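Data block below; observations after.
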Amino acid sequence: MTKLETFENPYPNRDYKISHVNPEFTSVCPKTGLPDFATITINYIPNKLCVELKSLKYYYLDFRNKGIFFEASTNEILDDLVKLTDPKWMEIVAEWNTRGGIHSVIKAEHKSESWNG
């Protein structure tokens, strides 16, 4: 797996929201072996660390050939990024392309115990 990297939050004493949008996320359906396509949006309020974007891009590419359900990939991304950055708040929104007439949106959220937002 690609190593995710961080950098220090330049404004750790201010709550501000960061959004990163990847409209080209791909993975593989574990049932059919067919590709799944999604737009993944990361919204977060950093604590001391921010995620570095080049490493995030390569991290996403690790999913390209991975057989994984929508729900699992969304929560895996959240778990990995929370473990990496320890944000005050983070939300992952995965908006999956329509397949079989069904459009799915999966949201997973983390709130730090110390954050009062």
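Return yes when LEU49 is surrounded by 13 or more Cβ atoms within 10 Å (Cβ to Cβ) and under 12 Å from the mean Cα position of the chain (by Cα) and no when it is not. So LEU49 does not fit the description; no.
Return the only residue of ILE77, ILE106 being more than 23 Å from LYS3 (Cα to Cα), in contact (Cβ under 8 Å) with a residue 24 or more places away in the chain and β-branched (Val, Ile, Thr).
Details: ILE77 fails: more than 23 Å from LYS3 (Cα to Cα).
Being more than 23 Å from LYS3 (Cα to Cα), in contact (Cβ under 8 Å) with a residue 24 or more places away in the chain and β-branched (Val, Ile, Thr) holds for just one of ILE77, ILE106, which is ILE106.
Do we find that TYR44 is touching a Leu at 6+ places or on another chain (Cβ under 6 Å) and surrounded by 17 or more Cβ atoms within 10 Å (Cβ to Cβ) in this structure? No, not satisfied.
The one condition from (1) in contact with a Leu (Cβ under 9 Å, 6 or more places away or on another chain); (2) surrounded by fewer than 18 Cβ atoms within 10 Å (Cβ to Cβ); (3) modelled with pLDDT of 95 or more that ARG99 does not meet is (3).
The values are calculated or read from the model by the stated rules, or taken from the named source; none is laboratory data. Please read these numbers as outputs of a predicted model, since none were measured by experiment. Please note: Cβ atoms are built from the backbone with ideal geometry, for glycine as well, and neighbour counts cover all protein chains shown.
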